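What follows is a single structure, written as structure tokens, with notes after it.
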Amino acid sequence: MQITYLNHSGFFIEMETAYFLFDYYKGTIPRMTLEKPLVVFVSHSHGDHYNREIYHLLQQHPNTRYVLAKDIPTKKLVAEWKERGVDLESRITSVRKNTTQKLVLANGNTLEITTLKSTDAGVAYLLTYENQTIYHAGDLNLWYWEGESKQYNENMTAAYLREMEKLRGKHIDVAFVPLDPRLEEHAFDGLKIFLDYTDCEKVYPMHMWGEYGVIERFLERYPESEGIVVGIEGYNP
Ligand SMILES: [Zn+2]
């Protein structure tokens, strides 16, 4: 599995027999060979996770599928592409929260997609493919804001723990989890709980708004995460 950080929460993964693209909104997508199918995942419709540029990938890479959270409207999109003679509809799988489904890729292999409910918008993805388990949180995080009411933060914490409970004890090979410096002293909470609940081999922090120093600070606070949480150097390969 080869992982390329694109920007913010955007990652490109090259598997042995497929490519996965997550939450692309900007950055350079590596070169692809046409034999391997591409699956593009979007966790929700916010501008820092979704860019309509992704539909142009279909022109360069005909074996492309789109897995989109339900909050992304597709009707108009499908009609627009139809006018250009492109059948986008058959390429799109819209997913709801708390579901599991199997997608058979053009290479005949099965991709299992489970969704969690985000604490912001849309979903988080838990995938199984080639005996690997991959988690992309989207904006599922413990959004504990100092300026919010006690009630808001309590509800937020409960909602986050409810989702993490679904991952308890689960072996995850690679995860992508928010580490948002804007949360200040609560910035580490979501990732720390994720690490405590799961049996995860590697975590790429994301949603850092370019402030990569937050990774170093996390590792200083939780040195036991060294070797699991990918450091800044992992973002400058
Ligand atoms: Zn976001």
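Which order do the peptides 129-141, 77-89 come out in when sorted by mean C-beta neighbours inside 10 angstrom, highest first?
Listed from highest to lowest mean packing, they are 129-141, 77-89.
With N residues in the chain, what two-decimal value do you get for its Cα radius of gyration over 2.2 N^0.38 Å?
Rg over 2.2 N^0.38 Å, computed on Cα atoms: 1.00.
What accessible area per residue comes out for the chain, rounded to a whole number of Å², with a 1.4 Å probe?
Roughly 47 Å² per residue, with all protein chains present.
Starting from the Cα of Trp209, step 7 Å along the direction of its Cβ; do the same at Lys70; then give the gap between the two resulting points in nm.
The two pseudo-label positions are separated by 3.0 nm.
Taking N as the number of residues in the range 105-203, what is its Cα Rg relative to 2.2 N^0.38 Å?
For the range 105-203, the normalised Cα radius of gyration comes out at 1.15.
Would you kindly derive the ³J(HN,Hα) couplings of the range 56-61 from the backbone phi angles with the Karplus curve 6.51 cos²θ - 1.76 cosθ + 1.60 (θ = phi - 60°), listing them in order in whole Hz, with x for Gly and Pro?
Rounded to whole hertz, the list is 6, 4, 4, 6, 7, 10.
Over all alpha-carbon pairs in the range 26-167, figure out the percentage whose distance exceeds 26 Å.
It works out to 30 percent of all Cα pairs.
Summing Lys, Arg as +1 and Asp, Glu as -1, what charge do residues with Cβ under 13 Å from the Cβ of Ile13 carry, Ile13 excluded?
-3
Carbon and sulfur: what percent of the range 4-103's accessible surface (1.4 Å probe)?
46 percent
Can you give the local net charge around Ser94? Use residues other than it whose beta-carbon is closer than 10 angstrom to its beta-carbon, Lys and Arg +1, Asp and Glu -1.
That sum, taken over residues with Cβ under 10 Å, equals +1.
Take Gln60 and Glu83, extend 7 Å from each Cα along the Cα→Cβ direction, and tell me the distance between the two endpoints in nm.
For Gln60 paired with Glu83, the spin-label model returns 2.5 nm.
May I ask you to compute the full-extension gain from Ser90 to Lys166, defined as 0.36 nm times their residue separation minus their alpha-carbon distance, rounded to one decimal in nm?
Full-extension gain reported as 24.3 nm.
Can you flag which of Lys36/Lys102; Lys150/Lys202; Lys36/Lys97 are past 30 Å Cα-Cα?
Listed pairs above 30 Å: Lys150/Lys202.
Would you work out what percent of the accessible area of the range 108-237, with all protein chains in place, is carbon or sulfur (probe 1.4 Å)?
46 percent
Roughly how many nanometres apart are two label points built 7 Å out from the Cα toward the Cβ at Ala106 and Gln151?
Between Ala106 and Gln151, the simple spin-label model gives 5.2 nm.
The values are calculated or read from the model by the stated rules, or taken from the named source; none is laboratory data. Because the structure is a prediction, the values reported are computed rather than measured. Please note: Cβ atoms are built from the backbone with ideal geometry, for glycine as well, and neighbour counts cover all protein chains shown. For accessibility, only protein heavy atoms count, side chains too; no ligands or nucleic acids. Shrake-Rupley method; radii C 1.70, N 1.55, O 1.52, S 1.80 Å.
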